[in-house]
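Data first, discussion second: the structure below is written as structure tokens.
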Amino acid sequence: MSTEPTGQAVRDSSDSPRSFWSQWPILIGLSLTWGALWQDFSPGVLLAGALFSTAILWFYRLPRVNFADRFNPWYALVFTGRFLWHVVTASVSVARDAIVKGPRIVNSVVAVPLRSHDDLVVTLTGHALALVPGSLVIDVDRPSSTLFLHCLNVKDAEAVEAFRDEALRTEAAIVRAIGTKADLELVRQDETTRSRGGRGRS
């Protein structure tokens, strides 16, 4: 039995106008990037950026990014503030350790199994962790949704668990802002388990 009709249906679905316009967050991001490159965010420049971005997305048919149907502005603001705070505090901590401890700093590779399997959430979590000084994503195991990070000054099991918990809190903040309802429920269940003294997902 031929599977060609199914494959054709998949291609038609991915190329449909509805699928194209579902990429509006990327369109907005590219338009703002255009304004940043010109150092001008006037309506005319942003309109030109939107036109060029639309042309790029239309002619270069990259795999579609599936965005959730929910967006919470408050939690997006909370995540932004939380992220900026960690960037500042981690910068001070890394600078202090570099001066005080120098080559005596113990580094570790920490595996962080995420709860979400959504490509966008995994990517944003990885970037958010990598942009904070002191940690760097070195590998991603996509099937298990696990991030592997090289971390500074993580010298024992207690420090590993502390970093892993912080990484999961970053994921939770992103899920609360833009994650699907299913991912939000997973995060809530895992946090409830941890608050009751359980280990959660290992």
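The values are calculated or read from the model by the stated rules, or taken from the named source; none is laboratory data. In this text the structure is predicted, and so the values were computed from the model without any measurement. Counting neighbours? That spans all protein chains shown, and the Cβs are built from the backbone with ideal geometry, glycine included. All accessible areas refer to the heavy atoms of the entire protein, side chains included, with ligands and DNA or RNA removed. Shrake-Rupley method; radii C 1.70, N 1.55, O 1.52, S 1.80 Å.
Of note:
- One residue from 70, 96, 115, 104 being touching a helix residue (DSSP H, G or I) at 6+ places or on another chain (Cβ under 8 Å), basic (Lys, Arg) and under 30 Å from residue 153 (Cβ atoms): 115
Yes/no per residue for (1) among the hydrophobic types (A, V, I, L, M, F, W, C); (2) in contact (Cβ under 8 Å) with a residue 40 or more places away in the chain; (3) surrounded by 16 or more Cβ atoms within 10 Å (Cβ to Cβ); (4) touching a Gly at 6+ places or on another chain (Cβ under 8 Å):
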{"residue": "70", "(1), (2), (3), (4)": "no, yes, no, yes"}
{"residue": "76", "(1), (2), (3), (4)": "yes, yes, no, no"}
{"residue": "104", "(1), (2), (3), (4)": "no, no, no, no"}
{"residue": "115", "(1), (2), (3), (4)": "no, yes, yes, no"}
{"residue": "121", "(1), (2), (3), (4)": "yes, yes, yes, yes"}
{"residue": "125", "(1), (2), (3), (4)": "no, yes, yes, no"}
{"residue": "145", "(1), (2), (3), (4)": "no, no, yes, no"}
{"residue": "162", "(1), (2), (3), (4)": "yes, no, no, no"}
{"residue": "175", "(1), (2), (3), (4)": "yes, yes, yes, no"}
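- A single entry from 171, 185, 166, 191 fulfils the requirement of being farther than 30 Å from residue 104 by Cα and either within 17 Å of the chain's Cα centre (by Cα) or open to solvent by less than 50 Å² (accessible area, probe 1.4 Å) (or both): 171.
- Among (1) within 16 Å of the chain's Cα centre (by Cα); (2) of a type in the set (Gly, Ala, Ser); (3) more than 23 Å from residue 183 (Cα to Cα), the one test that residue 95 misses: (1)
- The stretch 77-113: number of residues that are charged (D, E, K, R) and either touching a strand residue (DSSP E or B) at 6+ places or on another chain (Cβ under 8 Å) or at pLDDT 90 or above (or both): 2
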